[in-house]
Amino acid sequence: MSEHILMLIEATGIQEYIFGSNQLAQNIGASELVTQATTDWVAAKLNELRLKHNAIKNSKEGWEPNNQSIYADGLQAEIVYMGGGNAMLLFIDDGQAEEFARYLTRHALKQAPGLELVLMREPFDSENDVLSKLHQDLREKLAKRKLNRPRTSPLLGLGVTAACVYTGMPAVEERDKQLISAEVREKLDAEQAGKNRLKCHLQQVEEAGFEFVYNFDDFGEKGESSFLAVIHADGNNMGKRIEAIGERHKQHNENEKYIAALRAFSKSVQEAAETALNTTVDTLLASWDQGTKFFGGKVPTPVRDGQEYLPFRPIVFGGDDVTFVAEGRLGLTLAAEYLETYSRQELSDGQLAYARAGVAVVKSHYPFSRAYDLADELIGSAKAYIREHVEHGELTALDWHFAVGGLVLPLKQVREREYIADDGVRSLLMRPLRLGSPNGDWRSWQVFAKLLKEFRDENSDWAGRRNKIKAFRDALRGGSDAVQQFLKTYDLKLPDITEMPDDMKKKGWQGPYCGYFDAIEALDFYVPLKGE
């Protein structure tokens, strides 16, 4: 018998930890600490314990596992994958695994108060047990532990203490004339490392003479567009795809192959996300006009103290779950660019990297945590759309909402109240939209972009007639008869988009579906970057 130890690590409560503050510096630092917890700290603690392992520095000065194995290369600890708040390791000794767990969790308590790490480990006989089954079982146990774990309660002030201006917790330091807690201090201290990591991943930004925005106030054009877009994207069915890898390695003599397949899958996801992010940034940079200093001909370059800034900033990146912020009018086009690039890539399991995204466009001083929650709701809407159309998530979709007047009610209630026709039944929305090959589906990003182009085309019936466009929007609420009467009164024709149903081209509606409302609503919140 050859006993090894399987360990899973997961950072939990990440969303609240990263996005709970309206201060971008804290969001950046918190994201960096989550990244470090399952990459840098894992390697550092293995080094402190002097365990032979397979973590190496990559070209971007981050840690990643190589292909060395505890089976073939005499390792004491093997990292199968790590990053994005998750890690999977194998140890040859339970005592060493336990000591590593103590080292890592103690470090997290000191360096990232407020961030919770959940660890589970299980011994197995590497010669007789099937690792894929053990891994799946342990993933399920970990999920249950996350749900049932005792909730940690931060130690409140004992005696007379001052409160942190951000969290209300006991203050430990005064910084910039503000009292801050230990959690806020560590997040702020990690901000610079987060900046450095981002610059390392997107070197073309600095090479082009730009810096990344580090203050929400630097997004938006005062007096014209002071809106912020929060973009949240996530891969489809990643857990199911990992399970499918396990189904292909169900014998104990395939344990090493299973480890290699998991590692390859994790790496391919990271590479697909990095390629998509770099392509998105390249597209934004290519749209910049040096003469006018505008992006896409519409969005001015943020400038502070003579330094030009990019109106786009990733906060969470490096895996399939990513979050970006951008100037409000760039949110849709950048989200679509990211999704289209990501979903064109094939992962190591031979399938494309399908995903969904939500874009929340809010006023620049709208509470950031609520904006993120809205983007997360929109991801849920896109996910539901995907489930309606395909069985295994093999479709990429995008949903969005313009919360220009604030948002008090949940998204579902807002849409039921504000986006329903006068008959009280039919929805005005065509979104969520699919991306990639539409296969004749008019509810696609391609059709939406064509509609926007037609409404803006100088040679179309609608050129320069914004009042008529707004009147058409009101007519859509009245249904097909109201639209036909409107078109007759003003001698107008609807944009003729090939993929749209015939009745929709004439009446604005096809049965229960409206085809034009989304494009009209988006006219002020969409700046194309590729001349579409």
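The values are calculated or read from the model by the stated rules, or taken from the named source; none is laboratory data. These figures come from a predicted structure and were not determined experimentally. Glycine gets a Cβ as well: all are built from the backbone with ideal geometry, and neighbour counts include every protein chain shown.
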Count of residues meeting criterion [in contact (Cβ under 8 Å) with a residue 24 or more places away in the chain and touching an Asp or Glu at 6+ places or on another chain (Cβ under 7 Å)] in region 463-496
6
Taking the condition of being under 25 Å from G328 (Cβ atoms) and either touching a residue at least 24 places away in the same chain (Cβ under 8 Å) or not assigned by TED's automatic domain parsing to the domain that holds A371 (or both), how many residues in region 393-411 meet it?
13
In the set A286, A276, which member is in contact (Cβ under 8 Å) with a residue 24 or more places away in the chain and surrounded by fewer than 16 Cβ atoms within 10 Å (Cβ to Cβ)?
A286
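Matching residues to (1) more than 14 Å from E10 (Cα to Cα); (2) under 26 Å from the mean Cα position of the chain (by Cα):
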{"residue": "A72", "(1), (2)": "yes, no"}
{"residue": "L75", "(1), (2)": "yes, no"}
{"residue": "M82", "(1), (2)": "no, yes"}
{"residue": "A87", "(1), (2)": "no, yes"}
{"residue": "A97", "(1), (2)": "yes, no"}
{"residue": "M120", "(1), (2)": "no, no"}
{"residue": "K133", "(1), (2)": "yes, no"}
Being more than 18 Å from I231 (Cα to Cα) and surrounded by fewer than 17 Cβ atoms within 10 Å (Cβ to Cβ) is the filter here; which residues of region 385-409 pass it?
R387, E388, H389, V390, E391, H392, E394, G405, V408, L409
When region 392-409 is checked residue by residue, the ones that are at pLDDT below 90 and either of a type outside the set (A, V, I, L, M) or under 27 Å from E499 (Cα atoms) (or both) are H392, G393, E394, G405, G406
Does E337 qualify as being at pLDDT 95 or above, more than 24 Å from L33 (Cα to Cα) and assigned to a strand (DSSP E or B)?
no
Residues within region 273-297 that are in a helix (DSSP H, G or I) and either in contact with a helix residue (DSSP H, G or I) (Cβ under 6 Å, 6 or more places away or on another chain) or of a type outside the set (G, A, S) (or both), tallied:
12
Would you mind stating whether S21 is out of contact with any helix residue (DSSP H, G or I) (no Cβ under 7 Å at 6 or more places or on another chain) and either assigned by TED's automatic domain parsing to the domain that holds L115 or modelled with pLDDT under 95 (or both)?
no
Yes or no: region 354-368 includes at least one residue that is of a type outside the set (F, W, Y), in the same structural domain as S287 (by TED's automatic domain parsing), at pLDDT 95 or above and not in a strand (DSSP E or B).
no
Could you list, ordered by first residue, the pairs with Cβ atoms under 6 Å in which the first is in region 35-63 and closer than 14 Å to A101 by Cα and the second is in a loop (DSSP other than H, G, I, E, B), at least 6 apart or interchain?
T38/G85; L46/H53; L51/Q76
Considering only residues that are among the hydroxyl-bearing types (S, T, Y) and within 25 Å of I242 (Cα to Cα), look in region 70-128 and name the one that is surrounded by the fewest Cβ atoms within 10 Å (Cβ to Cβ).
Y71
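The rows are residues; the columns are (1) modelled with pLDDT under 95; (2) buried (at least 20 other Cβ atoms within 10 Å of the Cβ).
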{"residue": "E174", "(1), (2)": "yes, no"}
{"residue": "E186", "(1), (2)": "no, yes"}
{"residue": "Q203", "(1), (2)": "no, no"}
{"residue": "F210", "(1), (2)": "no, yes"}
{"residue": "G223", "(1), (2)": "yes, no"}
